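J.: Pasting a structure below so you can have a look.
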Amino acid sequence: MQQTGIEITKDLTIPKLFVAQCKKYGKNKVAMREKEFGIWIPFTWQDYYDNVKYLCLGMVSLGLKKGDKVAMIGDNRPEGLWAEMAAMCAGGIGVWLFQDCMMDEVKYIIDHSDTTFFVGETQEEADKALAIKDACPRLKWILWDDPKGMRNYKEDFLISIKELQEKGKELDKKDPGLFEKMVSDGHGDETCLLFYTSGTTSLPKGALLSHWNMLTMGHNLMSVDPCYDTDDFVSYLPFAWIGEQMMSISCGLQIGYTLNFPEEPGTARENIREIGPHVMFAPPRLYEGMTRQVQVKYIDSTWIKKKVYEFATWVGYRVANLKFEGKSVPAGMTILNWIAYLLMQKKLKDHLGMSHLRHCYTGGAAMGPDHFRFFHALGVNLKQIYGQTEIAGISIVHRDGGVKFDTVGTPIPETEVKITDAGEIITKSPSVFLGYYKNDEATVKTLVDNWLYSGDRGFIDEDGHLVVFDRSKDVMTLRDGRPFSPQYLETRLKFSPYIQEAWVIGDKRDYITAVMCIDYAVVGKWADEKKLNYTSYQELSQKVEVYDLVQKQIEEANRDLPEVAKIHKFVNLYKAFDADDEELTRTSKLRRAFVENRYKDILAALYLDADMVHMDTTITYEDGREQRIKTDLAIRKVKV
Amino acid sequence: MVQGGALREGDTILELKDVHMYFGKVAALSGVSLDVKKGEIHSIIGPNGAGKTVMMNCINGLYRPQKGDVVYKGRRINDLKPYQRAELGLSRTFQKVELFGGMSVLDNIRLGRHIHLHSGIGCGSIYIGKTKKEELECRKFLEEEIIDLLEIEDIRDKTVHMLPYGLQKRVELGRALALQPELLLLDEPLAGLNLEEVEDMARFILDINEEKRWRVTCILVEHDMGVVMDISNRVFVLNFGNPIMDGPPSEVQKNPEVVKAYLGEEDSYSTRR
């Protein structure tokens, strides 16, 4: 590969590449930054190397052996990445957990993966590990890095990362060259990461990924969209999501760009603006959030600003549509677009931290065409990515200048895509995973003759672009027998700033219905302006005025759809869907089978001649507390 | 970090000796004596109107008792003004948030650090020399010790009146801490907070009391009995200006007079937990 000069061979491993890059850049280049105490603190490649080396040796001195699992949890921070790299250097396997995992999820993953080392961040994670330690007999050591609140913990299996690094230094004195030897012992076909996929239907499955899988994926992606070692990337999405691993490890390590870690999750957006990254990869909900933010600010602004915004977006949409159609932009339009850029787009892109963006990807779930158009109208080169954890991240991407908002693009090099007779998307590439951990049954179903069966239904269009219809099991059959993707309607609905989540129902039913979750902040603000009183989400969602508002959004989404595909009835849910209630996966995908069972009363009422449904249920808070909710929900008919 | 003075853990840091306070003919405090040991969390409880806030005001100098002595670190401070007491390391928060609504969080907290800034108007106006050095040290202290401790990184530049009440309470605690107090008076820090905010605030109070870098002695006026009984070393019970008892939480909970005067049935004060 040209831009990195690194050849990916079967012998190469992530740790070998890590050591090579640290030698190459040494003290002269910043490998990562973390904002702490209000200041961006840099770590050079030499710092990165030293921290990983001593942490690795520290873990070895406590008994870490080749093939042992090391689990990590916590916000994105250098220490998390050091721990992952340290585990890999010793031949261990990294397992990442989502920061907001509930106790039983943590227990399931730690136990199922046979984890021996648990690396937490603060007291909160240490508490989680302590609570499950007895139930997970293989778990031996619990590591932490932030001393806040840890003063009263005296257990001898609890150890701070700093203390462990000291042990590593001692081992290094006793046995110099051990670290280098362990690194050189690795082979590309060995497992480096065990990734628990967010099951939309069942318990999480552990996908085994090798060094070869990870490195070829990054190599092939960057041969399409080159990156440079002068680039900046902000790492703020969970490391337990494959997308973040592929940007930070698969691509980041190969190219040597600088990783930036925000101060706190709450400051991420502000920190992105300060850094102005060159590459960005996020799931649609992040872009949906940005769109919503812009739309709400627009509603709030003065009339002159509104006019400027309307002018600039009018021009932006025109230009974007011309580009989508593959037509050239006339000179007059180019000038207008230039004015629009100066008046609005430049400022807005700066606020969103998108000023320097060269490659901007969305993936992990479906994104509505309206959002896509919105960003292109702003002049942001947003591209769709398609892939799975099982293929080390991605296999398909839009090419610059070839963006079609209803497709996900074309395969990256060394990747083949086919559609089976049943309409299922299957892929083959060097990045296809090794199998599921302790689950041969699932492996056999997913991996057939080295082809990865995705479980997604789709087709390849006339330009060779892949179109993903929906998850095969989610595809609905309409009254007239045609297949229909609920996800398509849901993303259309979510373009409204007032709608946070939508769940479209109607498989083999007489008509289509929807369960809507309003956006509490936006609708709340709207209600304040209308002088509507409310005290909770539940109360707000059931206001007649809010029903009217939601109905308007639905009618908008219904427009241009055939009659059978239109939403006929809807209900406003008394809460938003939440991953803690298992209604969404940790990557915010709707778990349909689960919600269908949980809200079966609502579902039944939507297909009866009722105008009200009574709910009696319990909700779970993040700390595990539960609350019982009893309420009546109105059912509203939409004119179609 | 926090200067310990000559006092050691367990020594008396503050003493009220037979303090009487009258407003006209109303006796707000009649013969209150209190002995606060360094390193402890000493809570004051009592029904509304018992005189808890009056006690706080007598300690920090907003009120001057007509009779009795307020002794801080062995020195009688009855005649000192509030700012002079602040200079001795005595800081407080208020029952109702008393912040500057139009200023940013950082500026509000920075104000609490005022007594540690000594540079003159000359170099202050052009930001050189001593001013620059002090300002940099001040910002470092605020960021590393307070903003990090109270987890308010994401709001440090926000205007205070835009913040929810729970966060404003946190900012007020931050301002009190910026003074680097030895003795901190907390007047109902949990009032009006939701459950999660209460848990956070209780954790912060324990942190500033127990963490080696702080070790601040706290006097806590609070109605949330669950928290008071959980985190206090000693509890002082006041009823309409009259002291009822002073002792460890376990004894206070058992005292029938206290239960009658204030706690009521057990169920009514353990609702939070």
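J.: If you take every DSSP beta bridge whose two residues both sit in segment A:14-270, what share of them, in percent to the nearest 5, is antiparallel?
T.: 35 percent
J.: Determine the gain in length on full extension of the stretch A:F311-A:R151; use 0.36 nm per residue of separation and subtract their C-alpha separation, reporting nm with one decimal.
T.: 51.8 nm
J.: Here's another thing I want to ask about it. For each pair in B:K133/B:K212; B:K25/B:K260; A:K205/A:K383; B:K25/B:K67, compute the distance between the two Cα atoms and list the pairs where it is over 22 Å.
T.: B:K133/B:K212; B:K25/B:K260; A:K205/A:K383, as the Cα separations exceed 22 Å there.
J.: In whole Å, how far is the Cα centre of segment B:97-122 from that of segment A:201-276?
T.: Comparing the Cα centres of segment B:97-122 and segment A:201-276, I get a distance of 41 Å.
J.: With a cut-off of 15 Å, note down the residues of segment B:123-163 whose backbone N falls inside the zone around a label point 7 Å from the Cα of A:I41 toward its beta carbon.
T.: Hits in segment B:123-163 for A:I41 at 15 Å: B:140-149.
J.: While we're here: In segment A:120-190, which chymotrypsin sites (Phe, Trp or Tyr not before Pro) are in a loop and have at most 16 other Cβ atoms within 10 Å, using DSSP for the loop call?
T.: Loop-located and lightly packed - A:Y153, A:F157.
J.: Put +1 on the Cβ of every Lys and Arg and -1 on every Asp and Glu Cβ in segment A:177-245; which of A:L193, A:M182, A:P204 then has its Cα farthest towards the positive end of the dipole?
T.: The Cα lying farthest towards the positive end belongs to A:P204.
J.: Provide the net charge surrounding B:R92, with neighbours chosen by a C-beta distance below 12 Å and charges set as Lys +1, Arg +1, Asp -1, Glu -1.
T.: Result for the neighbourhood of B:R92: -2.
J.: Considering only Cα-Cα distances, which of the following residue pairs are longer than 21 Å: A:K107/A:K140; A:K307/A:K347; A:K181/A:K438; A:K35/A:K148?
T.: A:K181/A:K438
J.: Can you pull the one-decimal nm distance between simple spin-label points at B:D35 and B:S125, each 7 Å off the Cα toward Cβ?
T.: Calculated label separation equals 5.4 nm.
J.: What trypsin sites (Lys or Arg not before Pro) in segment A:104-202 are in a loop by DSSP, with at most 11 other Cβ atoms within 10 Å of the Cβ?
T.: The qualifying sites are A:K154.
J.: Along the Cα→Cβ direction, 7 angstrom out, place labels at A:N533 and A:L561. What is the inter-label distance in nm?
T.: Inter-label distance under the simple model: 3.7 nm.
J.: So what's the gap between the Cα centers of segment A:124-194 and segment A:447-495, to the nearest angstrom?
T.: So the two Cα centres are separated by 43 Å.
J.: Here is a further query. Quick one: putting +1 on the C-beta of Lys and Arg, -1 on the C-beta of Asp and Glu, what dipole do you get for segment B:101-179 around its Cα centre, in Debye to the nearest 20?
T.: 300 debye
J.: If you place +1 on the Cβ of every Lys and Arg, -1 on the Cβ of every Asp and Glu, and leave all else neutral, what size is the dipole of segment A:155-281 about its Cα centre, to the nearest 20 Debye?
T.: That gives segment A:155-281 a dipole magnitude of about 240 debye.
J.: Would you give the gap between the C-alpha center of segment A:47-98 and the C-alpha center of segment B:1-72, rounded to a whole Å?
T.: Rounded to whole Å, the Cα centres lie 53 Å apart.
J.: Roughly speaking, what is the stretch gain from A:D578 to A:D507, that is 0.36 nm per residue apart minus the C-alpha to C-alpha distance, in nm to one decimal?
T.: So the extension gain works out to 23.2 nm.
J.: So, one more: May I ask you to order A:438-447, A:118-127, B:152-161 by the average number of other C-beta atoms within 10 Å around their residues, highest value first?
T.: Packing order, densest peptide first, comes out as A:118-127, B:152-161, A:438-447.
J.: Multiply the residue separation of A:I339 and A:K24 by 0.36 nm, subtract the distance between their alpha-carbon atoms, and state the gained length in nm to one decimal.
T.: Result: 109.0 nm gained on full extension.
J.: Segment B:74-126: which trypsin sites (Lys or Arg not before Pro) are DSSP loop and have at most 13 other beta-carbon atoms within 10 angstrom?
T.: Those that pass, being in a loop and sparsely packed, are B:K96.
J.: Can you give the FRET efficiency for B:T12 and B:E210, using 1/(1 + (r/R0)^6), R0 = 25 Å, r = Cβ-Cβ distance, to the nearest 0.05?
T.: 0.80
J.: With only Lys, Arg, Asp and Glu charged, each at its Cβ (+1 for the first two, -1 for the last two), find how big the charge dipole of the protein assembly as shown is about the Cα centre; round to the nearest 20 debye.
T.: With only Lys, Arg, Asp and Glu charged at Cβ, the dipole is about 2060 debye.
J.: Continuing with this model, one more query. Please name which of A:S496, A:H465, A:Y537 has its Cα lying farthest along the dipole of segment A:424-552 towards the positive end, using unit charges on Cβ (Lys, Arg +1; Asp, Glu -1) and the Cα centre as origin.
T.: Final value for the positive-end residue is A:Y537.
J.: Sticking with this structure for a sec: For B:A27 and A:D134, what does the FRET efficiency come to when R0 = 56 Å and r is the distance between their Cβ atoms, rounded to the nearest 0.05?
T.: Once rounded, the FRET efficiency stands at 0.45.
J.: Sticking with this one: Each label point is 7 Å from the Cα along the Cα-to-Cβ direction; what then is the distance between the points at A:R598 and B:E135, in nm?
T.: Label at A:R598, label at B:E135, 5.2 nm between them.
J.: Ok, one more. When you count, for each residue, the other Cβ atoms within 10 Å and take the mean per peptide, how do B:56-68, A:71-83 rank with the highest first?
T.: With the highest mean Cβ count within 10 Å placed first, the list reads A:71-83, B:56-68.
J.: Once you average over the residues of B:151-162, how many Cβ atoms of partner chains fall within 10 Å of each Cβ?
T.: Neighbouring Cβ atoms belonging to other protein chains average 3 per residue here.
J.: Considering only the other residues whose Cβ falls under 10 Å of the Cβ of B:L80, what net charge follows from Lys and Arg at +1 and Asp and Glu at -1?
T.: +3
J.: Kindly work out what percent of the DSSP beta bridges joining two residues of chain A are antiparallel, to the nearest 5.
T.: Bridges in chain A that DSSP calls antiparallel: roughly 60 percent.
J.: If neighbour count is taken as other Cβ atoms inside 10 Å, put A:S248, B:S250 in order from fewest to most.
T.: Placing the least packed residue first, the sequence is B:S250, A:S248.
J.: Take the Cβ-Cβ distance between A:D406 and A:N439 as r, set R0 to 30 Å, and report the resulting FRET efficiency rounded to the nearest 0.05.
T.: Efficiency, from the Cβ-Cβ distance: 0.30.
Only the coordinates and a few stated rules stand behind these numbers; no lab work does. Keep in mind that this is a model prediction, so the values were computed, not measured. A quick note on method: Cβ atoms are made from the backbone with ideal geometry, for glycine too, and the neighbour counts reach across all protein chains shown.
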